[in-house]
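The values are calculated or read from the model by the stated rules, or taken from the named source; none is laboratory data. Computed from a predicted model, the values in this text were never measured in an experiment. Positions of Cβ are generated from backbone atoms using ideal geometry, with glycine treated the same way; all protein chains shown enter the neighbour counts. Heavy atoms of the whole protein, side chains included, go into the accessibility calculation; ligands, DNA and RNA do not. Shrake-Rupley method; radii C 1.70, N 1.55, O 1.52, S 1.80 Å.
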Amino acid sequence: MSRQIAVIGLGLIGGSIAMGLKEFEDFKRVGVDVSQPTLRYALEQGIVDQVCEDPREALAQAEALEVQAVQVEAQLSAGLPRLQSSALELNASLGLLTQAKRELDAGSLVTDVCGVKGAIVDAARTLPSSVSFLGGHPMAGTEFSGIQHALPNMFQGAHYILTPDEGTQPEHLALMERVARHLGCADVVRTTPEQHDAIIAYTSQMMHIIAVSVCDDPSLFAYQGFEGDSFRGCTRVAALDVPLWTQLFSLNAPALTQALETLEDNLRLYRQVIQSGDTRQLADKLGFS
């Protein structure tokens, strides 16, 4: 009898995960989403083997779970500007973990692909000891959203971050490493939730803050039409989903605050040396010396 993987949230990343897991060992892919058109599309296109609208029903039969943070993850790793209106938000993902404890069988594995690990790991503590949680984050995405843009090779060459702890079952860690290989990931990186969140604060969240800050300048409209590639690259992720990113920034506040404080210090030093007119010192700073 085949085992089941429930992929909850069939957006860009959830759909890509489901596509990438085609013919993965003996697992049947069960797609779960609040949108009937999405479920219909997923089934018609062979993205999943079975669909289900009720996550509780899917959880009761699944041996591995991707929570709705899959959609959030795309936003973090690729700087996507919008989130599908039909998608559950991060708070729903946290609530799903609480709900899962009543539905999952002993020995089940719960994993996520959210770009903030600390809050998810804390929520996962509500799961019974008989259910294993392993935080995950495949570092991939595109500028699009929705299952129509899902790709079977989305994770080709990507890093797959896992945050195991002392309670992680070796067989579950091995399963996720096989999942990553099947998806085409370049490697699996093991780290702690704290280190993961520090990385994401620096490499992703701070970049969004920078982009929004640049666009907060009234000169944005006065100088329209004179933007170069560097400006467009810097501000590409400024059109973000406000409720979603408010949650994400807030959940990762300690790490993001530290990253922003360091950035503020660096910017202040550049401003001071430019004001001083000391070109030698400026050249030294620009040369990282």
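Need the failing condition index for Phe226 against (1) open to solvent by 70 Å² or more (accessible area, probe 1.4 Å); (2) in contact with a Lys or Arg (Cβ under 6 Å, 6 or more places away or on another chain), just the number.
Evaluating Phe226 over (1) open to solvent by 70 Å² or more (accessible area, probe 1.4 Å); (2) in contact with a Lys or Arg (Cβ under 6 Å, 6 or more places away or on another chain) leaves (2) as the failure.
If I go through the range 109-139 residue by residue, how many of them are over 18 Å from Pro254 (Cα atoms), open to solvent by 20 Å² or more (accessible area, probe 1.4 Å) and part of a helix (DSSP H, G or I)?
0
When you look at Val273, is it in contact with a Leu (Cβ under 7 Å, 6 or more places away or on another chain), open to solvent by less than 70 Å² (accessible area, probe 1.4 Å), farther than 28 Å from Gly135 by Cα and assigned to a helix (DSSP H, G or I), yes or no?
Yes.
Inspect the range 217-229 for any residue being of a type in the set (D, E, K, R), in a helix (DSSP H, G or I) and touching a residue at least 24 places away in the same chain (Cβ under 8 Å) and give the result as yes or no.
no
Results for (1) open to solvent by 10 Å² or more (accessible area, probe 1.4 Å); (2) closer than 24 Å to Thr111 by Cβ, shown as yes or no for each residue.
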| residue | (1), (2) |
| --- | --- |
| Thr142 | yes, yes |
| Pro152 | yes, yes |
| Phe155 | no, yes |
| Pro170 | yes, yes |
| Val189 | yes, yes |
| His208 | no, no |
| Gly233 | yes, no |
| Val237 | yes, no |
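Mind telling me which of the residues Arg268, Arg190, Arg232, Arg178 ends up being in contact with a Pro (Cβ under 8 Å, 6 or more places away or on another chain) and on the phi < 0 side of the Ramachandran plot?
After ruling out the rest, the residue left standing is Arg190.
Could we say that Phe155 is touching a Cys at 6+ places or on another chain (Cβ under 7 Å) and in a loop (DSSP other than H, G, I, E, B) here?
For Phe155, the condition - touching a Cys at 6+ places or on another chain (Cβ under 7 Å) and in a loop (DSSP other than H, G, I, E, B) - is met.
Conditions tested, residue by residue: (1) small (Gly, Ala, Ser); (2) at pLDDT 95 or above; (3) over 32 Å from the mean Cα position of the chain (by Cα); (4) over 28 Å from Ala140 (Cβ atoms).
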position: Ser213; (1), (2), (3), (4): yes, yes, no, no
position: Leu220; (1), (2), (3), (4): no, no, no, yes
position: Glu227; (1), (2), (3), (4): no, no, no, no
position: Asp241; (1), (2), (3), (4): no, no, no, no
position: Leu244; (1), (2), (3), (4): no, no, no, no
position: Ser250; (1), (2), (3), (4): yes, no, no, no
position: Ala255; (1), (2), (3), (4): yes, yes, no, no
position: Lys285; (1), (2), (3), (4): no, no, yes, yes
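Name every residue in the range 156-169 that is modelled with pLDDT of 90 or more and out of contact with any Ser or Thr (no Cβ under 7 Å at 6 or more places or on another chain), in order of residue number.
Within the range 156-169, Gln156, Gly157, Ala158, His159, Tyr160, Leu162, Pro164, Asp165 qualify.
Just checking, does the range 257-270 include any residue being among the basic types (Lys, Arg) and within 30 Å of Ala18 (Cβ to Cβ)?
Taking every residue of the range 257-270 in turn, none turns out to be among the basic types (Lys, Arg) and within 30 Å of Ala18 (Cβ to Cβ).
Please verify whether Glu194 is surrounded by fewer than 17 Cβ atoms within 10 Å (Cβ to Cβ), part of a helix (DSSP H, G or I), among the charged types (D, E, K, R) and touching a residue at least 12 places away in the same chain (Cβ under 8 Å), treating the condition exactly as stated.
yes
Taking Gly167 as meeting all but one of (1) small (Gly, Ala, Ser); (2) part of a helix (DSSP H, G or I); (3) out of contact with any Lys or Arg (no Cβ under 9 Å at 6 or more places or on another chain), write down the number of the exception.
Just one mismatch for Gly167, condition (2).
How about the range 30-51: which of its residues are assigned to a strand (DSSP E or B) and either among the β-branched types (Val, Ile, Thr) or open to solvent by 10 Å² or more (accessible area, probe 1.4 Å) (or both)?
Val30, Val32, Gln50, Val51
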